[in-house]
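Every number in this text was worked out from the coordinates using simple rules, so none of it is lab data. Just so it is clear, the structure is predicted and the values come from calculations on it, not from any experiment. Positions of Cβ are generated from backbone atoms using ideal geometry, with glycine treated the same way; all protein chains shown enter the neighbour counts.
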Amino acid sequence: MYVPETNEKMETAVPNLYEVDFHAWTQEQVSLLRKNQWGQLDLLNLIEEIESLGKQQRQELRNRLSVLIGHLLKWEYQPQRRSRSWLATIRVQRLDVLELLEDNPSLKPYLEEALQKAYAKGVLLAVRETDLPRDTFPISCLYSLQAILSDRFFPGESSELVREGE
């Protein structure tokens, strides 16, 4: 049986700090940046991480919108089960979305696209938490962005809970 020769001096890949201790890697990169040691930076991973941060902001916007939409759907389609908890979730998610947009104004042009993606998840949330069939809810979002983000918008019949919470 033929066994190929191996070179025992072959270098094995040594994982860099990025791969073994992400937190330590971030601290090292910060230190290098502060010291203007540009040549020492792990540029490939640094670029990837900065790009990832932008994606995380878009994801957070979609997540908050989906929770908000899911609760608006529950509010509208199950008025008999409305609660202070639902009201609080709607209000907190609205504030969080508005704060996220204030901190990241470049996300505003992405809002319509985010709304479409968030609606699908919002419907899934509403289906799971109400046990209503999927076809109970419209195929596409009937709420405008302006309405969704308005502290005065609560779909369906009026509720004492909203008046109490003002």
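A compact table of results
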| quantity | calculated |
| --- | --- |
| Calculated from backbone phi, Karplus (6.51, -1.76, 1.60) coupling profile of the range 43-56 in Hz, x at Gly/Pro | 4, 4, 6, 5, 4, 4, 5, 5, 4, 4, 4, x, 5, 5 |
| Size of charge dipole - the range 56-164 - debye, nearest 20, with Cβ of Lys, Arg +1 and Asp, Glu -1, no other charges | 180 |
| Semi-axis lengths (Å, descending) of the ellipsoid that matches the C-alpha gyration tensor of the chain | 48, 22, 14 |
| Rounded to 10°, Cα long-axis angle of helix 84-103 versus longest principal axis of the chain | 50 |
| Calculated P(r) tail over 14 Å for the range 88-158, as whole % of Cα pairs | 67 |
